[in-house]
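Scroll down for the structure; my scribbles are underneath it.
The values are calculated or read from the model by the stated rules, or taken from the named source; none is laboratory data. Given the structure is predicted, the values throughout are model-derived calculations rather than measurements. Reconstructed Cβ throughout: ideal geometry from the backbone, glycine too, with neighbour counts over all protein chains shown.
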Amino acid sequence: MITNLLVAGRGEIARRVFRTCRDLGIGTVAVFSDADANAPYVREADAARHLPGSAPADTYLRADLLVRAALECGADAVHPGYGFLSEHPDFARAVLAAGLTWVGPPPAAMAAMASKTRAKTVLAAAGVPLLAPVDPAAAPEADLPLLVKAAAGGGGRGMRGVRQLAELQGELKAASAEAAAAFGDGEVFAEPYLEHGRHVEVQVLADAHGTVWTLGTRDCSLQRRHQKVIEEAPAPALPAALRDELHAAAVRAATAIDYRGAGTVEFLVSRNGRAAFLEMNTRLQVEHPVTEAVYGIDLVAWQLRVAEGAALPASPPEPVGHAVQARLYAEDPGRDWQPQTGPVHRFELPAEVRNGPAASRTPSGLRVDAGVAAGDTVGVHYDAMLAKVIAWAPTRAEAVRKLSHALRRARLHGPHTNRDLLVRALHQPQFGAAEVDTGFLVRHHAALTAPAPPAAVHLAALAAALADGCDRSRFGPWRNVPSQPQTKTYRSEPDGTEHVVRYHLTHDGPRAADLPDVRVLTVARDAVVLEVAGVRQRYAVATYADGAAVYVDGPPLGAPPATGTPLVAGPEGDPGPGAAATPATPATPATPPPTPPPAGPQHAKY
């Protein structure tokens, strides 16, 4: 029996595993770099071991340090988490050689799937459908487009799309160099690129007694830079015959390598319903919560039980309902998905549910797996994912609505996030109709990243100015002051647009200048209520950095980003010539025109 478990990872997956350990009565050990010294997962562990440095190569990628930490902290088992060394068979061998329990598949099974080229050879013999190989040295025009991929690793590293044969050799060299730097293995290969393909995967769970479960399908087609953004279970609009084919292929893959524990077999499904194996992930996937919600099981608990030698029941539980997960990243989708850094002032999501599949079926139906908390700082060393927000409901439409509702009401103050893109994507008619493929976010990028209507941001800036005036007691006893013109300037982030706010202090209280349809009803230092064209709207206002940084959470029914507008306060008084004033009256946001559909990513690892 496992009594103390070290998680060889960080952030949200470490917290996720620790929560199950607490439920099962297992002690927990964390490892942390310099950058993670005050991270939530470190505080939640029973014991923690410092790994000097911040770069992954000096810390979480050092198998010797991880094994030593486990032994020194009294752990008798190691869970690999995901990322870092989670799919490295040599790390698993080192854990076992130290006399520790490895919470994962046998090293031989990991080695069989560690290289995509070797995996294809093994699974071809097992009858798993594959894409036809392409010889990059003799590829004809008819084979285009192609996708160059790294044989090792994932996360989109070493992956290049090729539409012209003249580009092929250069892309092969570039992909090989990137793969060698990221994974220590420069092997690359080429395969056909399937336009408008769907990324569909099957969750498997196997024990050491010959039982292999398939826990339904997941659709992970909404991707950016070959990394997943929105995932759901089961994969919608999938014919029953195709679903059964994928399940059978996944069982053959797991059986062929004598797999044990939780794993994922990934496929690309073409428009005509043809499925082809992509790769097998020999670990727990980031998107595992949607499967847990639908099947009502704890995959981490089963990982631990299988590692202890337990047998699975003959068949898994029946699936119920639908679940959708959104990955919340600290990034700017409108600027080529650039990662964002800085302090996290506030990190609140409504109806947050403690991690665990049973909780996913409570009346709220919401679950949040977060790696950060208020007071943390998002740095440059690790992945930009902040949290996963999961919604479960009896139907897909209800789950999507519930997830959108939760994201709109989140209060996220700190680095810019992709929250508005997630909300808009969930509301896209094509997504609602399950018309998704791996190019979805690329095709709809302009609409999903369009700036907020200036009038909506102007109202947020007005609320910030009024709250600031109240906080500094400028308004005083309103009925005893003459009319006084006031001007304040804000810069909205991350687009840098300047918004000039003008209001008057009157005997009846503050009044918005040049906005005849807006009435100021109540003003407090942390909230302002405006009546816009006869409709009352509440704006929550929070200030940081001595008032320079202001975050306004407006009415959640408005168009994003009225749900959370970051502003930087500028000088007060007359802004002078050349100031960019916003329109005087609120405007109804227009839907941006669609953009031509360029090619999107074919598949993602994480």
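Quick rundown of the values:
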| read-out | value |
| --- | --- |
| Sole residue being surrounded by fewer than 17 Cβ atoms within 10 Å (Cβ to Cβ) and not charged (D, E, K, R), chosen from V523, V518, V529, V500 | V529 |
| Subset of segment 229-253 (residues that are among the small types (G, A, S) and under 25 Å from P192 (Cα atoms)) | A235, A237, A241, A248, A249, A250, A253 |
| Any pair with Cβ under 6 angstrom, 6 or more apart, that starts in segment 53-71 at a residue that is under 22 Å from L100 (Cβ atoms) and ends at one that is in a helix (DSSP H, G or I) and among the aromatic types (F, W, Y) | A63/F91 |
| Residue ranges of helices (runs of 4 or more DSSP H) in segment 32-131 with at least 1 members among the charged types (D, E, K, R), out of contact with any Ser or Thr (no Cβ under 7 Å at 6 or more places or on another chain) and buried (at least 21 other Cβ atoms within 10 Å of the Cβ) | 116-125 |
| Odd one out for A276 among (1) free of Cβ contacts under 8 Å to residues at least 24 places away in the same chain; (2) small (G, A, S); (3) not in a helix (DSSP H, G or I) | (1) |
| Close pairs from segment 157-168: first assigned to a strand (DSSP E or B), partner at pLDDT below 85, Cβ under 7 Å, at least 6 apart | G161/Y193; G161/A599 |
| Count of residues meeting criterion [in contact (Cβ under 8 Å) with a residue 24 or more places away in the chain and closer than 10 Å to Q486 by Cα] in segment 500-511 | 4 |
| Residues satisfying the stated conditions in segment 283-338, i.e. among the small types (G, A, S), closer than 19 Å to H226 by Cα and not in a loop (DSSP other than H, G, I, E, B) | A326, G334 |
| Options I13, I2: the member that is out of contact with any Cys (no Cβ under 9 Å at 6 or more places or on another chain) and in contact (Cβ under 8 Å) with a residue 40 or more places away in the chain | I13 |
| Residue within segment 554-575 that is within 30 Å of V229 (Cβ to Cβ) and at pLDDT below 50 present | yes |
| Residues of segment 393-405 that turn out to be under 22 Å from P319 (Cβ atoms) and under 16 Å from the mean Cα position of the chain (by Cα), as a count | 2 |
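Here is a yes/no grid of residues against (1) outside any strand (DSSP E or B); (2) surrounded by fewer than 21 Cβ atoms within 10 Å (Cβ to Cβ):
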site: L172; (1), (2): yes, yes
site: A179; (1), (2): yes, no
site: G186; (1), (2): yes, yes
site: A190; (1), (2): no, no
site: E201; (1), (2): no, no
site: D219; (1), (2): no, no
site: E232; (1), (2): no, no
site: A241; (1), (2): yes, yes
